[in-house]
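The values are calculated or read from the model by the stated rules, or taken from the named source; none is laboratory data. Predicted, not measured: the structure shown is a model, and the values here were computed from it. Note that we place each Cβ from the backbone using ideal geometry, even for glycine, and neighbour counts take in every protein chain shown. Heads up: the accessible areas ignore ligands, DNA and RNA and are worked out on the full protein's heavy atoms, side chains in. Shrake-Rupley method; radii C 1.70, N 1.55, O 1.52, S 1.80 Å.
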Amino acid sequence: MDFVLSGVAACGACLFTNPLEVVKTRMQLQGELKSRGSYSVHYRNVFHAFYTIGKVDGLLGLQKGLVPALYYQFFMNGVRLGSYAIIESSGYIHTNGRVSGLKTTLAGAVAGVVGAVMGSPIYLVKTHLQSQSTSSIAVGHQYQHQGMMHALSVIYRQHGIVGLWRGSSAAVPRVSVGSAAQLSTFSSSKELVTDLQVFPEDSWMVALSAGMISSVVVVLAMTPFDVVSTRLYNQPVDHLGKGQLYKGFTDCFSKTLKKEGLAGLYKGLGASYFRLGPHTILSLFFWDELRKLYRKKHKC
């Protein structure tokens, strides 16, 4: 049940944040491996990108990749948050009755690795679909998938089962770092807010406040890994399924840093927060509240 509740919570958040994921993906691919001023800027900032995509691709363009995004959230976060919930309920993350920063970080990272490996093929397809756009505002490599199932079948037919896990070398560090930052700060922040007695112990405001604190840490820690992950998943590949721009995580990280500087690794930071911030807050809030409801009902 922990896995199901976690997946449902993540899907609920995804419905609201997918348009921001589309914006984030486009901004991270814009000016790929090009120095500042040497490429056309289709998306000046989060708000301009939102307006441009809505105007050119239509309002439905802002929900591109929604189907794989929902599947990804259900399976990846179902496994990730569900695994963490089991670790938490076993008492592992506590030392002498208090939340341990080291243990929550390790537990969050392990849960993140499991979720990332499970969800990688769906994330690959989601990235391809979200980057597809009208040629006048296109950024990054443009795949021509007609939907999630079409994309999965094309990739499998061309590159086999291994091709479906292309880019997972970036997914593992991305999700493990993000998961460790998210869950450790969420658990610690919940304990801190409860200790300060700002809200009643069982108030939904405790989880919401902890989620807000966690969201800031997650975005700052995760964005460089997110940029690398997006680019690895979206890069064109040869007939053998090998990337034509990057050999792997380290190569992509170093090339981006060399060509675009540190700012390149934080491309779309505003979009990342507008997407990851609300998603972190909502998914952790829904997750915490659903678990509380389930425990109450189970006790009755």
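Tell me, what is a quarter of the convex hull surface for the C-alpha atoms of region 1-144, in nm² with one decimal?
10.5
For C14, the solvent-accessible surface computed with a 1.4 Å probe is close to 10 Å², ligands and nucleic acids excluded. Remark: accessible surface ordering of W287, W204, W165 (largest first) is W204, W165, W287, probe radius 1.4 Å.
What nm value, rounded to one decimal, do you get for the distance between T250 and V8 when each label is placed 7 Å out toward the C-beta? Those two pseudo-labels are separated by 4.5 nm.
Amide hydrogen proximity for H94: with H placed 1.01 Å from N in the peptide plane, the residues at 5 or more positions away or on another chain lying under 5 Å are S100. If R0 is taken as 30 Å, the Cβ-Cβ distance between W165 and M1 corresponds to a FRET efficiency of 0.60.
Using a simple spin-label model with pseudo-atoms 7 Å out from Cα toward Cβ, T134 and L15 lie 2.9 nm apart. For each pair in K190/K267; K103/K267; K247/K267; K24/K55; K126/K292; K55/K259, compute the distance between the two Cα atoms and list the pairs where it is over 25 Å. Violating the 25 Å limit, Cα to Cα: K190/K267; K103/K267; K126/K292; K55/K259.
Mean-square fluctuations from a GNM of the chain, with a 10 angstrom spring cutoff on Cα atoms, peak among M222, M205, M148 at M205. Which aspartates and glutamates have a Cα lying under 19 Å from the Cα of K258, excluding residues fewer than 8 positions away in the same chain? List returned: E32, D226.
Each other residue within a Cβ distance under 12 Å of D195 adds +1 if Lys or Arg and -1 if Asp or Glu, for a net charge of 0.
Using heavy atoms of the protein chains and a probe of 1.4 Å, the accessible area assigned to H94 is about 70 Å². Identify the residues of region 171-190 with backbone N under 16 Å of a label point that sits 7 angstrom from the Cα of A221 along the Cα-to-Cβ direction, or state none. What the label zone holds, given the 16 Å backbone N cut-off, is 172-190.
Which percent of the accessible area of the chain is formed by carbon and sulfur heavy atoms (probe 1.4 angstrom)? Walk me through the numbers before you get to the answer.
Values: 9010 of 13710 Å².
Heavy-atom surface of the chain belonging to carbon and sulfur, 1.4 Å probe: 66 percent.
With the largest listed first and rounded to whole Å, the semi-axes of the equivalent ellipsoid of the chain from the Cα gyration tensor are 33, 20, 19.
Once the Cα-Cα distance is subtracted from the 0.36 nm per residue extended length, the H94 to K55 segment shows a gain of 9.0 nm. In the context of the full set of protein chains, residues of the chain present 46 Å² of accessible surface per residue (probe radius 1.4 Å, heavy atoms only). Please give me the summed charge of the neighbours of L245: other residues whose Cβ is under 14 Å from its Cβ, Lys and Arg +1, Asp and Glu -1. Spelling it out: positives minus negatives among the neighbours equals +4. Which of the DSSP-defined H helices in the chain satisfy a minimum axial length of 27 Å, computed from C-alpha atoms, and a minimum mean Kyte-Doolittle hydropathy of -0.5? TM-like helix candidates: 2-29, 101-131, 168-196, 204-234, 269-299.
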